[in-house]
Amino acid sequence: MILKLGVTGPDVVNLELVLQGLGFTGFDVDGNFDNKTENVIKYIQKAHGLTNDGVVGEKTLALLDSLYEPFIANFAVKETPVVVPVVDGSVPTGSEELTEVHPILARKVIQIIELAKREGYNVTVTQGLRTFAEQDKLFKKRPRVTKARGGQSYHNYGVAADLAFVVNGKISWDEKLYKNIGRWASQVGLTWGGNWKFIDYPHLQLASMPGVGQLLATYNKAGGNNAGVKAVWNKFVGG
Ligand SMILES: [Zn+2]
């Protein structure tokens with residue numbers, strides 16, 4: 001992936017959010033690699049001894065990653081998934097939900113939270129990885145909240161996360177608010193449940209995931225649990 005003057009799209013939004021996370025200003029987070037974006041890249045390249053051509057190739061990308069690392073260090077993947085349950089009526093801080101999901105998803109969700117903040121919305125993460133046992137428990141809940149048993153939800157593989165809006169210190173389920181998520185999801189390149197036949201407004205997941213049956217097969221083949229989740233990541237996400 002090479003990003004340079006004139007390129008547009010979700011990858012440029014990611015880049016602009018990273019630049020913003022590094023403290024740079026004076027450009028818009030709009031997915032357009034324009035002169036302003038280029039100037040920031042040139043500045044960073046020069047400051048770190050790289051050719052300041054304003055082109056984000058392999059070396060510049062590696063540099064940006066190394067500079068950005070401390071910012072996302074808190075969201076590194078733990079070896080043992082631990083599900084933090086959401087207590088009814090309470091407001092989770094959200095970030096711990098992202099410690100068990102794939103780091104690419106974690107990073108994109110954080111970017112959405114930042115995009116939301118910029119528009120004056122307070123968004124939190126209510127669910128990241130959900131174990132098979134947790135999923136089965138949820139399946140038995142009445143009134144019904146999910147049609148998915150253990151293994152049948154993308155959440156079971158750490159490739160999905162649910163968002164909620166916090167208004168005056170409480171979670172709001174106002175549909176109007178949730179329709180914003182679709183816009184942010186396409187900006188950072190995530191799949192949004194609001195576009196599905198069975199609408200799931202709070203739901204986000206990594207793009208280009210195969211059917212959940214394929215994930216389950218890979219998970220089982222690797223022996224399930226952490227090894228199973230890791231196998232799914234390696235096969236379908238990479239990294
Ligand atoms: Zn979900």
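Quick look at the values:
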| quantity | calculated |
| --- | --- |
| Segments classed as helices (runs of 4 or more DSSP H), wholly inside region 1-81, with at least 3 members that are modelled with pLDDT under 80 and surrounded by 14 or more Cβ atoms within 10 Å (Cβ to Cβ) | 10-21, 58-72 |
| Thr146 assigned to a strand (DSSP E or B), assigned by TED's automatic domain parsing to the domain that holds Ile104 and hydroxyl-bearing (Ser, Thr, Tyr) | no |
| Which listed residue is within 11 Å of the ligand (Cβ to nearest atom), of a type in the set (A, V, I, L, M, F, W, C) and out of contact with any Pro (no Cβ under 8 Å at 6 or more places or on another chain), from Ala160, Ala185 | Ala160 |
| Enumeration of residues in region 178-224 that are aliphatic (A, V, I, L, M) and not in a helix (DSSP H, G or I) | Leu190, Ile199, Leu204, Leu206, Ala207, Met209, Ala222 |
| Filter result for Ala133 (away from the ligand (no atom under 12 Å from the Cβ), within 24 Å of Arg107 (Cβ to Cβ) and either buried (at least 16 other Cβ atoms within 10 Å of the Cβ) or more than 13 Å from the chain's Cα centre (by Cα) (or both)) | no |
| Selection from region 138-165 of residues that are surrounded by fewer than 17 Cβ atoms within 10 Å (Cβ to Cβ) and modelled with pLDDT of 90 or more | none |
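The values are calculated or read from the model by the stated rules, or taken from the named source; none is laboratory data. From a predicted model like this one, the values you see are computed outputs, not experimental measurements. Reconstructed Cβ throughout: ideal geometry from the backbone, glycine too, with neighbour counts over all protein chains shown.
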